[in-house]
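A.B. asks: For reference, the structure I am asking about is given below.
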Amino acid sequence: MTDRATRLRASNVRTALVLASIALVFFFGIIAAEYMGGPTAAIGVMGSTVLLFLVVAIGRNLRK
């Protein structure tokens, strides 16, 4: 039972790290977009973030 609990904990930690990294990218991306100026930069940052998330999410599923 401890092996299953260990795997579940590791999976939860990985999920938390992915979600935290997404939040950080959005946070700093919005700040960077404000300094770069204009809504075009903001759309570019958000689009890049979504694309990166999809690549990571799909890559994790293909690896299994």
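No value in this document is a laboratory result; all are computed from the given coordinates. Predicted, not measured: the structure shown is a model, and the values here were computed from it. Neighbour counts run over all protein chains shown; Cβ positions are idealised from the backbone, glycine included.
A.B. asks: Only one of the values (i) 1.17; (ii) 0.96; (iii) 1.02 was calculated from this structure for Rg/Rh (Cα atoms, Kirkwood Rh); name its label.
C.D. replies: Read-out from the structure maps to (i).
A.B. asks: For a paramagnetic label modelled at 7 Å from the Cα of residue 14 toward its Cβ, which residues of region 28-64 fall within the zone defined by backbone nitrogen distances under 19 Å?
C.D. replies: Answer for this model: 52-64.
A.B. asks: For 36, 46, what ranking results if the residue with the fewest other Cβ atoms within 10 Å of its Cβ goes first?
C.D. replies: Details: 36 12, 46 15.
Ascending Cβ contact count within 10 Å gives the list 36, 46.
A.B. asks: Oh, and also: Calculate how steeply helix 2-36 sits against the longest principal axis of the alpha-carbon atoms of the chain, using the helix alpha-carbon long axis, and give the answer as 0 to 90 degrees to the nearest 10.
C.D. replies: With both axes taken from Cα atoms, the answer is about 0 degrees.
A.B. asks: Specify the angular offset, from 0 to 90 degrees and rounded to the nearest 10, of the alpha carbon long axis of helix 39-63 from the longest principal axis of the alpha carbons in the chain.
C.D. replies: Approximately 20 degrees, to the nearest ten.
A.B. asks: Can you give the helix-only mean residue ellipticity at 222 nm for the chain, where every DSSP H stretch with n ≥ 4 adds -39500 (n - 2.57) and the sum goes over all residues, rounded to the nearest 500 deg cm²/dmol? Show your work: numbers first, answer last.
C.D. replies: Working: 2 runs with 60 residues, N = 64.
Helix contribution divided over all residues of the chain: -34000 deg cm²/dmol.
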